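Have a look at the structure below, then the notes.
Read-outs: derived from the displayed coordinates by stated rules, not from any lab. Quick caveat, the model's predicted, so the values are computed rather than measured. Note that each Cβ is placed from the backbone with ideal geometry, even for glycine, and that neighbours are counted across all protein chains shown.
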Amino acid sequence: MLQIRKEQMELFDAVMLEQFIEKMERELHHLFSDMSADEIGKQIISGIRIAATYGITSEQAVALYITLMCGMGADFPQQESNEWIASTLKSDELNQQAKMDLIFARLES
């Protein structure tokens with residue numbers, strides 16, 4: 001039976017994280033061409049960390065969270081006009097993708 005050692009899994013996770021960061025850098029540079037590469041990189045790293053505090057860890061949901069950060073500001077859930085976003089992100093009744101889908105749907109309406 002094949003077993004993956006902890007060190008191998010950590011390396012795999014690091015490679016996957018680096019690929020995600022590179023993909024996000026390309027996408028965000030396309031969407032937010034006025035942001036520097038350094039600024040985009042900082043937003044991605046910060047966004048991954050902050051999204052996790054809301055239980056948002058899937059690649060797709062984290063990408064959506066980071067996109068919101070870049071478009072609305074890093075503190076978008078704390079902005080007074082976005083109290084509903086903070087409430088949605090903190091909800092225990094919604095899974096991570098449902099949280100992001102609900103936020104995007106309401107922002108688009």
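Listed by first and then second residue, the pairs with beta-carbon distance under 8 Å, at least 6 apart or on different chains, first residue in region 33-61 and under 22 Å from Q78 (Cα atoms) and free of Cβ contacts under 8 Å to residues at least 60 places away in the same chain, second surrounded by fewer than 18 Cβ atoms within 10 Å (Cβ to Cβ) and acidic (D, E), are I40/E25; G41/E25; I44/E25. Per this entry, A105 is counted among residues that are exposed (fewer than 15 other Cβ atoms within 10 Å of the Cβ), in a helix (DSSP H, G or I), among the hydrophobic types (A, V, I, L, M, F, W, C) and over 12 Å from the mean Cα position of the chain (by Cα). Quickly run through region 35-93 and pick out the residues that are hydroxyl-bearing (S, T, Y) and under 16 Å from L107 (Cβ atoms). Matches in region 35-93: Y65, T67, S81, S87, T88.
For region 44-59, a residue qualifies if it is under 11 Å from M100 (Cβ atoms) and within 8 Å of the chain's Cα centre (by Cα), and the qualifying residues are A51, I56.
State yes or no: is I85 crowded, with 19+ Cβ neighbours inside 10 Å, out of contact with any His (no Cβ under 8 Å at 6 or more places or on another chain) and assigned to a helix (DSSP H, G or I)?
Numbers: crowded, with 19+ Cβ neighbours inside 10 Å: yes; out of contact with any His (no Cβ under 8 Å at 6 or more places or on another chain): yes; assigned to a helix (DSSP H, G or I): yes.
Yes, satisfied.
The set of residues in region 20-72 that are loosely packed, with under 13 Cβ neighbours inside 10 Å and not in a helix (DSSP H, G or I) comprises S33, D34, S36, T57.
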